[in-house]
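For reference, the structure is listed below as structure tokens.
The values are calculated or read from the model by the stated rules, or taken from the named source; none is laboratory data. All figures in this text were calculated on a predicted structure; none of them were measured in a lab. Every residue, glycine as well, gets a Cβ built from its backbone with ideal geometry; the counts of neighbours run over all protein chains shown.
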Amino acid sequence: MSLSEFSLKGKKALVVGARRNMGKGFALGLAEAGADVAVTDLNTESGQLEAVSQEIIAMGRKSIHIKTDISSQDNVSKMVDQVMKDFGGIDILMNVAVMYHMKSVVDLDEESWEKLSNVNLKGYWLTIQEVAPIMKRQGSGSIINLTSRGGLKAHADKAMGNYAIVKSGIAMMTRQYARYLGPHNIRVNAIAPSLVEWEEFPGQENLKDEQTSTQEEKKEISEKEKFEAWSTGPENIPLGRVATFNEMANAAVFLASDASSYVNGTILNVDGGYMA
């Protein structure tokens, strides 16, 4: 084994949905490992996507940021053309974009269903369809999709059932493309997280405090706090906490690198033991 096999030096990556949270974490992780990284998102007005690109440039890597609606084939085609113009190739494609809708499957209306599936499922298909021919010409590539524990097991939170359905589709899409693109030396894998930190709630703050509160420190526990304690408890996640962005990025670097050269069609559970 050589640690150099984990290096992404000289690689060109495209991260879709990189404005914040996990997408940003993946983009920065790939850049830290040596890749030049193009970042895209539908929301560019906030300036967050450009800030991610600037962080990558500050690492000494090349980066561009592109506004893209991945539910539109024309948008996706233009995005890929721009990356090819600036980078000259795409070695790594990471599909991270996601849309939520907090209604149960039975309460979801047709318009909302179409929005969800257009971004969470169709969008991934469109990006792979555009990038795969480039990777085939190169004779190599790594495609990494973001699925979820909800794509592998019915979601306990019924309001997330619609999300679980499309994430399940991403898991099967990953396996199907792995079979189709494998003969061209293109590996297609997915990462399935359980609970991951948000920028507003860093993961390290969720580490359990074993100290016993004094009587004066005790307060009434809200239903939200009860749910959060239950969801990260050892009966659900054996490690007893949410994942950090760095932990998720480490998995992506592995799947993007030559260290995983014989890993194809795999759904990598980065879930603290949830699926055990």
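When both residues are 6+ apart or on different chains and their Cβ atoms are under 8 Å apart, which pairs have a first residue that lies in segment 31-50 and is touching a residue at least 60 places away in the same chain (Cβ under 8 Å) and over 13 Å from residue 65 (Cα atoms), and a second that is surrounded by fewer than 24 Cβ atoms within 10 Å (Cβ to Cβ) and among the aromatic types (Phe, Trp, Tyr)?
33/6
Scan segment 131-146 for residues that are touching a residue at least 40 places away in the same chain (Cβ under 8 Å) and either surrounded by fewer than 22 Cβ atoms within 10 Å (Cβ to Cβ) or of a type in the set (A, V, I, L, M, F, W, C) (or both) and jot them down.
Residues satisfying the conditions are 131, 132, 134, 135, 136, 138, 139, 140, 143, 144, 146.
Check residue 141 against each of (1) at negative phi; (2) in contact with a helix residue (DSSP H, G or I) (Cβ under 7 Å, 6 or more places away or on another chain) and name the one condition it does not meet.
(1)
Look at residue 153 and say whether it is more than 20 Å from residue 40 (Cβ to Cβ) and not aromatic (Phe, Trp, Tyr).
Answer is yes for this residue.
Tell me which residues, restricted to segment 156-170, are at pLDDT below 75 and within 18 Å of the chain's Cα centre (by Cα).
The answer is 160, and nothing else.
If residue 18 meets every condition in (1) closer than 22 Å to residue 138 by Cα; (2) in a loop (DSSP other than H, G, I, E, B); (3) of a type in the set (A, V, I, L, M) apart from one, which number is that one?
For residue 18, the failing item is (1).
Do we find a residue being among the aromatic types (Phe, Trp, Tyr), under 16 Å from the mean Cα position of the chain (by Cα) and at pLDDT 90 or above anywhere in segment 122-132?
yes
Give me the residue from segment 246-276 that is among the hydroxyl-bearing types (Ser, Thr, Tyr) and touching a residue at least 60 places away in the same chain (Cβ under 8 Å) and, out of that set, nearest to residue 13 (Cα to Cα).
257
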